[in-house]
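Here is the structure we will look at.
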Amino acid sequence: MCLAVPGKVVKIYEEGGLKMGEIDYSGTINSVCLEYVPEVETGQYVIVHAGFAISILDEKEAQKVFETWDEALDKAREQGFTIENNPLADINKK
Amino acid sequence: MKYLDEYRNPEIARQLLDKIRETVTKPWVIMEICGGQTNSIIKNGIDQLLPKEIELVHGPGCPVCVTPLEMIDQAISIAQRQNVIFTSFGDMLRVPGTEKDLLQVKSEGGDIRMVYSPLEALKMARENPDKEVVFFAIGFETTAPGNAMALFQAAREGLNNFSEVVSHVLVPPAMQALLSSPDNRVQAYLAAGHVCTVMGYNEYFPIAEKYKVPITPTGFEPVDILQGILSVVKQLEKGEYTVDNQYARAVSADGNPAAQKIINEVYEICDRKWRGIGEIPRSGMCIKEKYAAYDASKKFNVSHIKAEEPQECISGLILQGLKKPPECPVFGKSCTPEHPLGATMVSGEGACAAYYRYQRFADALKK
Ligand code: SF4
């Protein structure tokens, strides 16, 4: 229910007095309400829940999480891990 | 997709698991609050990969699952009326009421429509001025901004044929209720990331302090969840407790002020019954008197409808982290996603449905 997904704001417009936007989720475009992220600009990523953007994703914070893991990422790539939706349960088998 | 794939990286997950293994020395019970987290944990087998000292219990974080039976009965009573277009998020349509679910009302001729956003319901009200359009406004703090905006807009436009059945619930009071229960087993929380996106996490500090439990607002991808677990395990092992934000890319301490403003404009805090748990004081949101004209429960006079919950479903115990789905005698037998007896089997985020979908019923059936 509280599922919310990241998407990229590709267009901002107004409709019926509300700030709206088109969001690109890996190729699928959807219209969502942007009233709750008034400062958003195109090109930024937002978290969308039930037709409303509820947060602008913070690039710096997202990066911080991975700083310690950069090395691990390189190693993963070397070993040919995909950075895709691999069920974790599978990693034991590898 | 950016902001998703990197949080699904198996190598990082593996390293986090190693870190957790290195850190843990004692048994701990950790509750993930949100059903989205439960789903991710079961789907990715995280609970099975963790060291045996760590037990994850699944919290009451599925709004569909905790919507009380009588609210469903009230919704059904409205949906059955002539001249009503009843709109709802898809998950709610199959939740069993006392006698039937909303889909059955639809098959009997009721005009019931699934919407993805409450603004779609508002649009239907504009396009059907001769009909009453009712929206089933359920959810946690995450969903409240959208549902509040639909109502606020309706009032602004003077759309008198739009109203909401509101059964909103608030997460922190439920977290406190679980901790104060004499049966409580929870020693740390992974707080619901998207609830915190809207509300922030300042309100968790007094809870962490009062009950001496670490609370970590956590995201939904495997790497998020493992980081959340590592954060609380580190605290538990050291005997510390604070609020440590794992989901900083989407959550700030104050949350989203624009969203909080509209929520506070149209809704107010009220007592609320939780399915399977019972009434929790000040744990819900209701429509303010100022917007009473948009309150479907008043408009259609259904507030008097009350209901008793069925006995065989143990979802109340599951939602409190006291039992696991396979411990329910009818799990996977007379209760399946096709024929759910309880709401935790209906919603994709309900613990029973997650266990069923990811084959966790095999072991249970063998017993
Ligand atoms: S398996 Fe069905 S009856 Fe048992 S607790 Fe879950 S929803 Fe209720």
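The values are calculated or read from the model by the stated rules, or taken from the named source; none is laboratory data. Fair warning: this is a prediction, and the values are worked out from it, not measured in the lab. So basically every Cβ, Gly included, is an ideal-geometry build from the backbone, and we count neighbours across all protein chains shown.
Considering only region B:301-314, state which residues are within 9 Å of the ligand (Cβ to nearest atom), within 18 Å of residue B:70 (Cβ to Cβ) and hydrophobic (A, V, I, L, M, F, W, C). The answer is B:313, and nothing else.
Among the residues that make up region B:123-130, is at least one of them within 13 Å of chain A (Cβ to nearest Cβ), polar (S, T, N, Q) and more than 23 Å from the chain's Cα centre (by Cα)?
At the first step, the residues of region B:123-130 found to be within 13 Å of chain A (Cβ to nearest Cβ) are B:123, B:125-127.
Checking which are polar (S, T, N, Q) leaves us with none.
Within region B:123-130, not a single residue is within 13 Å of chain A (Cβ to nearest Cβ), polar (S, T, N, Q) and more than 23 Å from the chain's Cα centre (by Cα).
The set of residues in region B:175-185 that are in a helix (DSSP H, G or I) and either buried (at least 24 other Cβ atoms within 10 Å of the Cβ) or charged (D, E, K, R) (or both) comprises B:175, B:178.
How about region B:32-61: which of its residues are away from chain A (no Cβ under 13 Å) and among the aliphatic types (A, V, I, L, M)? Write out each step before concluding.
As a first pass, look at region B:32-61 and keep what is away from chain A (no Cβ under 13 Å): B:51-58.
Selection gives B:54, B:56, B:57.
Report yes if residue B:228 is surrounded by fewer than 24 Cβ atoms within 10 Å (Cβ to Cβ), within 24 Å of residue B:253 (Cβ to Cβ) and within 14 Å of another protein chain (Cβ to nearest Cβ), otherwise no.
Values: surrounded by fewer than 24 Cβ atoms within 10 Å (Cβ to Cβ): no; within 24 Å of residue B:253 (Cβ to Cβ): yes; within 14 Å of another protein chain (Cβ to nearest Cβ): yes.
Criteria not met by residue B:228.
Over 17 Å from the mean Cα position of the chain (by Cα) and without any contact (Cβ under 8 Å) to a residue 12 or more places away in the chain - does that describe any residue in region B:265-287? No. Taking every residue in region B:333-349 that is more than 18 Å from residue B:41 (Cβ to Cβ) and pairing it with any residue that is part of a strand (DSSP E or B) and near the ligand (Cβ under 7 Å from one of its atoms), at least 6 positions away or on another chain, the pairs with Cβ-Cβ distances below 6 Å are B:341/B:335. For region B:1-31, a residue qualifies if it is over 19 Å from residue B:188 (Cα atoms), more than 7 Å from chain A (Cβ to nearest Cβ) and either without any contact (Cβ under 8 Å) to a residue 40 or more places away in the chain or small (Gly, Ala, Ser) (or both), and exactly one does: B:18. Summed over region B:229-272, residues that are polar (S, T, N, Q) and farther than 30 Å from residue B:22 by Cβ total 4. May I ask you to verify whether residue B:254 is within 14 Å of chain A (Cβ to nearest Cβ) and away from the ligand (no atom under 16 Å from the Cβ)? In short, yes.
Among the criteria (1) in contact (Cβ under 8 Å) with a residue 12 or more places away in the chain; (2) within 14 Å of chain A (Cβ to nearest Cβ), the one residue B:68 does not fulfil is (2).
Restricting attention to region B:339-355 and to residues that are near the ligand (Cβ under 8 Å from one of its atoms) and away from chain A (no Cβ under 14 Å), the residue that is surrounded by the fewest Cβ atoms within 10 Å (Cβ to Cβ) turns out to be B:341. Among the numbered conditions (1) outside any loop (DSSP other than H, G, I, E, B); (2) in contact with a helix residue (DSSP H, G or I) (Cβ under 6 Å, 6 or more places away or on another chain); (3) within 12 Å of another protein chain (Cβ to nearest Cβ), the only one that residue B:141 does not meet is (1). Each residue in region A:1-29 was checked for being of a type in the set (Gly, Ala, Ser), facing chain B (nearest Cβ under 10 Å) and part of a strand (DSSP E or B), and 1 of them qualify. Number of residues in region A:30-56 that are at the interface with chain B (Cβ under 7 Å from one of its Cβ atoms) and of a type in the set (D, E, K, R) equals 1. Just checking, does region B:186-200 include any residue being surrounded by fewer than 23 Cβ atoms within 10 Å (Cβ to Cβ), under 18 Å from the mean Cα position of the chain (by Cα) and within 14 Å of chain A (Cβ to nearest Cβ)? Looking through region B:186-200, at least one residue is surrounded by fewer than 23 Cβ atoms within 10 Å (Cβ to Cβ), under 18 Å from the mean Cα position of the chain (by Cα) and within 14 Å of chain A (Cβ to nearest Cβ). Where helices (runs of 4 or more DSSP H) fall wholly inside region B:1-103, the ranges with 2 or more residues that are at pLDDT below 90 and under 25 Å from residue A:6 (Cβ atoms) are B:10-23, B:35-43, B:63-66. Residues that are surrounded by fewer than 24 Cβ atoms within 10 Å (Cβ to Cβ), more than 14 Å from the ligand (Cβ to nearest atom) and of a type in the set (Phe, Trp, Tyr): does region B:359-367 have at least one? Checked against the condition, which is being surrounded by fewer than 24 Cβ atoms within 10 Å (Cβ to Cβ), more than 14 Å from the ligand (Cβ to nearest atom) and of a type in the set (Phe, Trp, Tyr), region B:359-367 yields no hits at all.
Tell me yes or no: at least one residue of region B:315-338 is under 19 Å from residue B:169 (Cα atoms), outside any helix (DSSP H, G or I) and within 16 Å of the ligand (Cβ to nearest atom).
Residues of region B:315-338 that are under 19 Å from residue B:169 (Cα atoms), as a first pass: B:315-321.
Among the residues that remain, those that are also outside any helix (DSSP H, G or I) are: B:320-321.
Still in the list and also within 16 Å of the ligand (Cβ to nearest atom): B:320-321.
Yes: one or more hits.
Being out of contact with any Gly (no Cβ under 8 Å at 6 or more places or on another chain) and within 11 Å of chain A (Cβ to nearest Cβ) is true of residue B:263.
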